Amino acid sequence: MGCLVSTPRHGRESKGRSPDSLGEVAVFLPVLRIPKSADLSVPLGHRLPKKYLERLSALRIRLVVIATEEAPAALKARRTETETQLGGSALSDLWQSLEEYLPVLLRLVKEGSQTTDKVQFVWINQNTDSEETCISDAWYEVLSVLHLMAILSLSEVNLLLLPKTTAEGRQATVSEENKRSSIDVFLKAAGYVDCAVRDVLPQIPLQLRKYLPLDLSEGLLRALCQQALAQAVDVQLGMAIDCPKATLAVKRRLACEMVKHWQQAQDNVSQIPFSGGWGFKYQLYIKWKHVEAKAAAYYFHGLILDEGNTEKSYGTAVVAVRAAEEFLKESKRGCEAFNSAPPLSRSRRYLSEKIPKDAQSMMRRNREFYSHGTFPQMAPPLPDFVLALKPDEYRLPPPDPSWDEEDQHRG
């Protein structure tokens, strides 16, 4: 059972190309992994029906070619999708290739199959200069395919949420349709990762899991799932801010749910021993977004407390909004540490304008209580809401039946 990891793990991942030049992104993607060519005929030639092997090989070759040529360009945030020579968008071609390949691949891991560990599958990390991982387990190939499907979904969100520039050079706002579509795609991405953790990762033997790249570690996969859910909630919050009928209670609940998602993402990613490069960049991103979510949650919590009619509620409201102001300042420092200039989301633009103004207004209005030192010393706890958004219930497709049909035909 051969395996090779060309770049050491455990905090010594290759830093590769500088992560400082991110371009304009709405969603930060920690890594892009694409397949490399693998000879399937030698290890599988005497074990599989000929037509099935030819189909498997052809589909993987097509995936390698399209991923190598199109994936790096397709994942760069840009105003319009680049059309390929075959017609259709780069993302569409890659999606079709993945969806056709996965059912055929799954026949290799069908229960009772003797071919699971016969091929060395190789994938390379495009965010580094040389990191590639080769593992002789078809479940590793399935895991890598699902990871790429999740990354492609998140890249689609970038295309949906980045404001497009008009022919006159003006920057248009993101449409409501794109915002709603982005939520669906976020949930789809979370579903792919959730399936990978739930149904695929446990199938890889423990002795092989230590060779998985950090990009496919359980902690990072779980963080990626929570990131997708958190950013879906962020879009919902932005839409609620723009909706006159949305109550403060709705906005507070969304902000509090966003805090919980980012907290879970940070708990998972903080356990991964990155030493620098894109992995460290991803940790900075999640930390920044977690603090930003806290600013929103404490702000809306403070506004609701301020609607109370007691001295205690006024004081608690002031402390909550002051906490929001401090988290907002910390989030700005986090954005600077992340070293990027992503477009401000609707919720962040709103909070950047409102929190400082409302904090000062509350302080002036309740100056008498403040001068007497009657304000609480600590910010009030945030409400603990049950998370409403869940990953899409993605299930692996049934294995391609062509193998069994060919066996029956030969019989």
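Laid out as a table, the results:
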{"quantity": "Taking all pairs of distinct alpha-carbon atoms in segment 245-385, Kirkwood radius in angstrom", "calculated": "15.9 Å"}
{"quantity": "Listed pairs Lys164/Lys289; Lys110/Lys289; Lys179/Lys245; Lys110/Lys287 exceeding 29 Å between Cα atoms", "calculated": "Lys110/Lys289; Lys110/Lys287"}
{"quantity": "Residue order, fewest to most surrounding Cβ atoms within 10 angstrom, among Thr173, Thr316, Thr133", "calculated": "Thr173, Thr316, Thr133"}
{"quantity": "Relative contact order, percent, segment 245-385 [alpha-carbon distance under 8 Å, six or more residues apart]", "calculated": "28 percent"}
{"quantity": "Ala388-Leu208 FRET efficiency (beta carbon distance; Förster radius 30 Å; 0.05 resolution)", "calculated": "0.25"}
{"quantity": "Förster radius 25 Å - calculated FRET efficiency between Lys312 and Ala249, Cβ distance, rounded to 0.05", "calculated": "0.80"}
{"quantity": "Residues Thr310, Thr116 arranged by fewest to most Cβ contacts within 10 Å", "calculated": "Thr310, Thr116"}
{"quantity": "Stretch gain in nm, segment Ile61-Met378, where the contour uses 0.36 nm per residue and the Cα spacing is subtracted", "calculated": "108.1 nm"}
{"quantity": "Over 18 Å between alpha carbons, listed pairs Lys210/Lys281; Lys281/Lys354; Lys294/Lys354; Lys50/Lys118", "calculated": "Lys210/Lys281; Lys281/Lys354"}
{"quantity": "Estimated FRET transfer efficiency when R0 is 22 angstrom, pair Asp199-Asp39 (beta carbons, to 0.05)", "calculated": "0.20"}
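Computed from the coordinates by the stated procedures, all read-outs in this text should not be read as laboratory data. This one's a predicted model, so the numbers in the text were calculated from it and none came from an experiment. Counting neighbours? That spans all protein chains shown, and the Cβs are built from the backbone with ideal geometry, glycine included.
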